[in-house]
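Accompanying notes for the structure given below.
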Amino acid sequence: MSAPGETSSEILRACEGMRQVPTPRAEMFTLPGFLPPDLCERLMRLIDAKRRPSTIADPNGDNYFRTSETCDLDAAEPEVLELERRLLAINSIDPAYGEPVQGQRYEVGQEFKAHTDYFEPSGEDFHKYCSVAGQRTWTFMVYLNDVDAGGATRFKVVDKMFQPEQGRLVCWNNRRPDGSCNAATLHHAMKVRKGMKYVITKWYRERPWG
């Protein structure tokens, strides 16, 4: 049985079409066609309407480390409610443990260099980001469109790369079985070479959000 704020391999494998990435280094899954094209299109329009420059929790002196744009999506939007319903149906995580849904947009040349989604315990703002809801547990990411060239998500440690494909879900556990942060989840949102890339990201926490 999974703990609050978490799902499990058993729960995810029970979803039709779900595929587990064959690696002992991390719990990682992918599901093609998780979102239908019409919902993807509507979510992209929401991102376009309220996008802003992306930021990172712990600045590292590299002003080009994350060059995408971000949108914090309104939880009351019908598209977001439908997305949340679909996520709950496959991961069984109480929505109270989820951060607000975030959308990202990458234009040609934009990227998010190799990073992990958990907050570094040694980071200067670790207490600020984790004091209330705790550490991030699982990441659920969905590609909203196909990209003409580039824009792959590369997990170097587990030797896996995902090309953007409309509606495809990729999810992973940011922690090891003992609860420690899993550095093998390091991933790079690689530069878009042609076209545009839209992504939805949903993070879950150890404790209820807010």
When you check Leu39 against the structure, is it crowded, with 18+ Cβ neighbours inside 10 Å and out of contact with any strand residue (DSSP E or B) (no Cβ under 9 Å at 6 or more places or on another chain), yes or no?
yes
Looking for something at pLDDT 95 or above, farther than 21 Å from Lys160 by Cβ, under 16 Å from the mean Cα position of the chain (by Cα) and buried (at least 18 other Cβ atoms within 10 Å of the Cβ) - is there at least one such residue anywhere in the range 46-55?
yes
For the range 104-119, how many residues meet the condition of being part of a strand (DSSP E or B), touching a Cys at 6+ places or on another chain (Cβ under 8 Å) and surrounded by fewer than 17 Cβ atoms within 10 Å (Cβ to Cβ)?
0
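Could you count how many residues in the range 66-82 are farther than 11 Å from Gly103 by Cα, in contact with a helix residue (DSSP H, G or I) (Cβ under 7 Å, 6 or more places away or on another chain) and buried (at least 18 other Cβ atoms within 10 Å of the Cβ)?
1
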Scan of the range 121-143 for residues that are of a type in the set (A, V, I, L, M) and either assigned to a helix (DSSP H, G or I) or within 17 Å of the chain's Cα centre (by Cα) (or both), ordered by number:
Met141, Val142
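Taking the range 1-26 as the search range and keeping residues that are outside any loop (DSSP other than H, G, I, E, B) and among the aliphatic types (A, V, I, L, M), which one is farthest from the chain's Cα centre (by Cα)?
Only one residue tops the list, namely Ile11.
For the range 3-20, which positions are surrounded by fewer than 18 Cβ atoms within 10 Å (Cβ to Cβ) and either of a type in the set (D, E, K, R) or at pLDDT 95 or above (or both)?
Answer for the range 3-20, where residues must be surrounded by fewer than 18 Cβ atoms within 10 Å (Cβ to Cβ) and either of a type in the set (D, E, K, R) or at pLDDT 95 or above (or both): Ser8, Ser9, Glu10, Ile11, Arg13, Ala14, Cys15, Glu16, Gly17, Arg19, Gln20.
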By residue number, the members of the range 66-103 that are of a type outside the set (A, V, I, L, M), farther than 20 Å from Thr7 by Cα and part of a loop (DSSP other than H, G, I, E, B) are Thr67, Ser68, Asp74, Glu77
What is the number of the single condition among (1) under 17 Å from the mean Cα position of the chain (by Cα); (2) closer than 21 Å to Pro164 by Cβ that Arg85 does not meet?
(2)
Do you know which residues across the range 158-190 are hydrophobic (A, V, I, L, M, F, W, C) and either surrounded by 16 or more Cβ atoms within 10 Å (Cβ to Cβ) or more than 16 Å from Thr139 (Cβ to Cβ) (or both)?
Val158, Met161, Phe162, Leu169, Val170, Cys171, Trp172, Cys181, Ala184, Leu186, Ala189, Met190
With (1) closer than 26 Å to Ala133 by Cβ; (2) part of a helix (DSSP H, G or I) as the list, and Leu35 as the residue in question, which single condition is left unmet?
(2)
Under 8 Å between Cβ atoms, which residue pairs at least 6 apart in sequence (or on different chains) link something in the range 77-102 that is closer than 18 Å to Arg207 by Cα and in contact (Cβ under 8 Å) with a residue 12 or more places away in the chain with a partner that is surrounded by fewer than 21 Cβ atoms within 10 Å (Cβ to Cβ) and among the basic types (Lys, Arg)?
Tyr97/Arg207
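The values are calculated or read from the model by the stated rules, or taken from the named source; none is laboratory data. None of these values were measured; they are calculated from a predicted model. Neighbour counts run over all protein chains shown; Cβ positions are idealised from the backbone, glycine included.
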